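Let me begin by presenting the structure, written as C-alpha cells, before commenting on it.
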Amino acid sequence: MTGPSPGRLLARAASPAFRIAVTLLVALTGLAITPRAGGAGDVTDMLGRRVRVPARAARIVSLAPSITETVFVLGEGDRLVGVTDYCDYPPEATRKPRVGGISSPSFEAILTLRPDLVLATSESNYAEHVQRLASLGLAVYVIRPVDFETVLESIARIGAVLGREAAARERVASMRRDADAIVQALAGAPRRRVLYVVWPNPLIAPGRGTLISELIQRAGGESVTGAEPLPYPRLSLETVVERRPERIIVGRHGQGTVEDLLRGWERLGSVGAVREGRVYGVDGDLLHRPGPRMIEALRELARVIHPERVP
Amino acid sequence: MISRRRVGVTSAVIAGGLAVAGLLGLATGPAPIGPGDVAAALVGRARSDLAATVVLELRLPRVLLAALAGGGLAVAGAAFQALTRNPLADPAVLGVAGGAALGAVLGHLWGLEGSLAATVGVSAAAFAGALIASIAVYLIAASGGWLPVQTLLLAGVITGLFFSAVITLVVSLVDFAQLGGILHWLMGSLGIVGYRAIGVIAVGTAVGSAMVYTQARALNLLALGEESALQLGVEAERVKRIVFVAASLLTGVIVAQTGPIGFVGLIVPHGVRLALGADNRLLLPVAAGAGAAFLVLADALARLVVQPAELPVGVVTAFCGAPFFVYLLRTRLRRRTP
Amino acid sequence: MSLPAPPVFAARNVEFGYGGAFRLAAASFDVAEGEILGLVGPNSSGKTTLLRLLSKVHVPDRGEIRFRGTPIDAVGRRALAREVAVVPQEEQLAFSVSVEELVLMGRFPRGAGRLFESPEDLVRAREAMALVGVLDLGDQPVDALGGGERQRALLARALAQEPRVLLLDEPTSHLDLWHQRHLVGLLRQLNRDRGMTVVFVSHDLNLAGELADRLLLLSGGRLVRLDTPGEVLDEAVLEEAYGCPVWVERLSPSGRPFVIGVRL
C-alpha cells in the first residue's frame, strides 16, 4: 500500500499548520451550530445535543446552583418551578420547590412539576440522568462551563434559550469589563504562588484545565497545582511544603474557621504562607459555582493574592 | 415429605404476598399518585399523562427490578449456602459481587458512563468482572477435578477481599470529580433502569434459578456431607459445578445492574429455612418470592423515608434485615432449649 | 452346572494414599456374595479407607476393584447406590432435617432423576424405619436424637436404598448392649433372609468375630490376614498386627476364641 507511514501522518498532524487548520474548522463549525436567537424550535446545546426548546419556556427546572443563579440574574426567576436542594442564591431561590440533590435528583418530583424545560450542566449532573429525563420526553438543555470563556458562553446560551439574549449579552459584557478592570489593576504585579485547597484532608487541589486554576491565573497568581494532569488530584501534604506557596486559600462551605479546617498545618513552618499567616478562607460557593458570580470569585482571589492592588 | 403440591400451594401464597408488595411499591413516591391511579395506569387507562409516565416509566421498572434482584439474590444465597454447607455463605462472601463492583467501577472510569449505551456499558463491565471473579474463585479452589467446599468458601472470601482492596485503591487514586459517581454506585441502588435491561436480568435470573432448581434434591443430600452424598449416588462434583455457575450467573447479572446490595442473599434464605425447613425444593421458590417482596418493600421504604431524596436500598436492607434476623434466631433458640 | 456368582467385590493390588501421608498398600481380596465380612485392625490401619474405596468415594491410585465382575469405574454412582448402601459412623449435618427426611434421602438412587419422591418412596422409607425401630421418631430433627438412635436412623436410610450390599462403619460404637444385640440380630436376619452381603468395620474384635463369616485384618495399611475368626483371632496373629501382647481365650464347648484384652 502506498501513502505515508503512520508515523509520518502523526508527525504531520502535530505540525502547527495542521493544528491551525483544525482549529479554524472547529471554530467555523461552532459558529454554524450556534443557536438562533429567540430560543424557539430545535437548538443545539453545549454538548452538541439537539433539543426542542419551547418558544417561551414558562416552567423551568434547574439542576444546578450555578444555573439557578444565572436564571435569576437574567431576571427570569419567576419562570423557575423547581431547583435543587443546594440552590440557595439568591435568597428567593430557597423558596422554590425542591427536586432533590445535584447527583440524585428525584425524577418523580421533576415530572410532577410538569416542566417544559430542564437546564442541566455537564460539570455536576450525570449523563445518565440527562438521558433518562430526555427519554421521558422532557426538553433538557445542557451547558458546559469548564473555563472562563465557556462560563460566559453558558450565560449567553441560557439567555438565548430563555429569550433574553439582550440581558444576557449585557451581563456578559459587564462581567468582561469587570474582569478586565481587575486585570488592569494587577498589571505589572509579581505573580504570587497560590495553593488553593478544595478539601484539606485528604488534600485536594485544582489541577490543569479547571476553572479555579484559570481564575487564580487571571487574579495574578500562579496555582502551584495548576500543572497537575488530573482535574482534582489528591496530593500529600508534602506538596504544600515542597511547592512553597505564598498564599494558601481554602474554599469554605458554611461552617468551620480556616484554623479548624487546616488543623495541623501550623506545623509546616517552612512554608512562607504559613509563616507569614497568609492563609485565607473564601466562600466556597463563589469559587465552585461556574456562574454569574464568577467575577466576584475572581475579585476575592485577586484581593487575597494582591491586597495592595485590589481593595 | 415435600410434595409437588405443597410447593405449588406455598408458592402461590408467596406470589400473592409479592403482588401486594408490588402494589405498595408502585404506590410509593413523591408524585401525588395513589393506588387508584396506579391500578388505572397499569391497565392502560391512566388518568393523566403524569400518572402514566410516573407509573409505567419510573415506578414499574423499579419495582420489577427490585423483585428480580431480591428474588435472584435470595436464590443465589440459598444456593451458595447449600453448596458450601454453610449458612453464612452469601453472594457477597463468594467474591462474585466484589468482582462485579470492580468491573462497574472501572467501567465508570473508562467513560462508559458518559456514552450513549451508558447503563448497558457499565453493566457489561460489571458482569465481566463478576465472571472473572467467579472463574478466579473456582480456579483457586478446584484441584484435580475436585471442588472442596471449604476451600471454595475461603477462596471466595479472599477473592472478595482482594477485589475490595482493588476498589479501594482505585477510589483512592481516582479524580475527585468522578468519586461521587463511583461511590454512589457502590452503595447499591435500583435507580434508573430501562425495560431492555430488565429483560436481560429477567432472562438471566430465570435461567440461573432454573439451573439451581434442577439440583435442588441433590443439594439436599449434599447437606449430609460429601462422602455420604457420593455414597447415595449424587455426582457431587457435577452438582457443585452447576450450582456454582448458576449462582454466579444470578449474582453477576443482578449486581452488574444494581451495584452491591447486601443482606438479602444471607437473611432471606436463612429466615425461610428457620420457618419452613431446609428442603431446597421448597426453600428455593419461597426464598425467591420472599426475597423479591422484601426488596420491593425495602425499596419503597428507601424512597419514602427522606422523600423526595432516596436512600440507597442496601442501607434499608441492612437496617431492616439484621434486627429481624436476630429476632428469628432468638425465638427459634428459645423454642429449642428445654 | 452353573458358574459360581462373581464376587460382590474383587480387589486386586489396590493402593491408595491421602496425598503421601497414609498408604493402603497392594491389597487383594474378594468379598463373596452373601457373606458377612468384618474389617478389623488397629486405629488408622486403613479400615475406613477400604470402605470408601468399595463405595467409590475414593478412586484407587493403583490396582483395580470390580463390582460383580464389572470394573467399578464403569458402574455409575447412582447404579452403585442402588446396590450398595453405606452406614457411616457419624454424619455432620449442615442443616437440620427430620428423621423421615433423612431416611427419604435413601430413595435418591431409585428416583431416576425426579425432583420429588413418589408415594412408594415414602412406603419403603417407613418400612425401613419400622424394621430398625425409629418409625415413631419420624418428625424429630436428627440432631435431637441420641447417638444410638441416630445410628439406627442412618441404618434405616441405608435400608431404604433397597441394597443387596451393606457397608457399615463401626455400627455398634454408640449402641448400648441391648441395641448392639438387636443390630447384630438384624444384620444376621437380613443376611439370612435376603442374602444381604455385609461388610462392616469394627474395633470390637469379639463382636466382629461373632458376627462375621470371615475377618480381614489390616495393620499399617497392609492386609495381614483374611480368614475365619477362629484363625484370625489368634494371639500370635493379633500381637503382630496390634504391636502389643494380646490375651485370647478359647471358650468351651464351642472353642470359639474370645479376646480378653491386652496382656499386661
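Readers should treat all values here as calculations from the given coordinates under stated rules, not as data from a laboratory. Just so it is clear, the structure is predicted and the values come from calculations on it, not from any experiment. Cβ coordinates were reconstructed from backbone atoms using ideal geometry, including for glycine residues, and neighbour counts include every protein chain displayed.
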Exercise. Given H placed on each backbone N at 1.01 Å, which residues far from C:Phe9 in sequence or on other chains put an amide H within less than 5 Å of it?
Worked result: C:Val31, C:Arg68
For this session: Hand me the trypsin sites (Lys or Arg not before Pro) from region B:30-139 located in a DSSP loop with no more than 11 other Cβ atoms within 10 Å, in residue order please.
Result: B:Arg45
Exercise. Residue farthest toward the positive end of the dipole of region B:145-273, with Cβ of Lys/Arg at +1 and Asp/Glu at -1: which of B:Gly204, B:Leu183, B:Leu224?
Worked result: B:Gly204
Exercise. If you find the alpha carbon centre of region B:12-44 and of region B:80-112, how far apart are they in angstrom?
Worked result: 31 Å
Seminar exercise, completed: Sorted largest first, the Cα spans of the protein assembly as shown on the principal axes come out in Å as 129, 72, 69
For this session: Show which lysines lie in cross-link reach of C:Lys47 when reach means a straight Cα distance below 25 angstrom and same-chain residues fewer than eight apart are skipped.
Result: C:Lys56
For this session: Quick one: dipole size for chain B, taken about the Cα centre, charges +1 on Lys/Arg Cβ and -1 on Asp/Glu Cβ, in debye to the nearest 20.
Result: 1200 debye
Seminar exercise, completed: Given unit charges at Cβ for Lys, Arg (+) and Asp, Glu (-), the dipole magnitude of region A:33-171 about its Cα centre in debye, nearest 20, is 460 debye
For this session: Would you mind pulling out the separation of the Cα centroids of region C:110-178 and region B:190-228, in Å?
Result: 31 Å
Seminar exercise, completed: Partner aspartates and glutamates whose C-alpha sits under 18 Å from that of A:Lys96, ignoring same-chain residues fewer than 8 away, are A:Glu69, A:Glu76, A:Asp78, A:Asp85, A:Asp88, A:Glu108, A:Asp116
For this session: Calculate the mean, over all residues of peptide C:95-106, of how many other protein chain Cβ atoms lie within 10 angstrom of the residue's Cβ.
Result: 5
Exercise. For the protein assembly as shown, with only Lys/Arg (+1) and Asp/Glu (-1) charged at the beta-carbon, what is the dipole magnitude about the Cα centre, in debye rounded to 20?
Worked result: 1920 debye
Exercise. What is the distance in Å between the Cα centres of region B:286-327 and region A:93-164?
Worked result: 31 Å
Problem set entry | Average other protein chain Cβ within 10 Å of Cβ, residues C:115-127 | 3
For this session: In Å and from the alpha-carbon atoms only, list the Rg and Dmax of region A:189-305.
Result: 12.8, 38
Exercise. Based on the mean of other beta carbon atoms within 10 Å per residue, what is the order of B:267-279, B:6-18, most packed first?
Worked result: B:267-279, B:6-18
Exercise. Once you treat every alpha carbon in region B:4-336 as an equal point and sum by Debye, what is log10 I(q)/I(0) at q = 0.08, 0.10, 0.12 Å⁻¹?
Worked result: -0.37, -0.58, -0.83
For this session: Determine the shielding of peptide B:176-187 by partner chains: average, over its residues, the number of Cβ atoms on other chains within 10 angstrom of each Cβ.
Result: 3
Problem set entry | Residue among B:Ala104, B:Leu94, B:Phe325 farthest towards the positive dipole end of region B:4-336, charges placed on Cβ | B:Phe325
Seminar exercise, completed: dims of region A:106-241, Cα set, principal axes, largest to smallest, nearest Å -> 52, 38, 20
Exercise. Which value at 222 nm does the protein assembly as shown reach when only helices count, each DSSP H run of 4 or more adding -39,500 (n - 2.57), with the total divided by all residues and rounded to the nearest 500 deg cm²/dmol?
Worked result: -16000 deg cm²/dmol
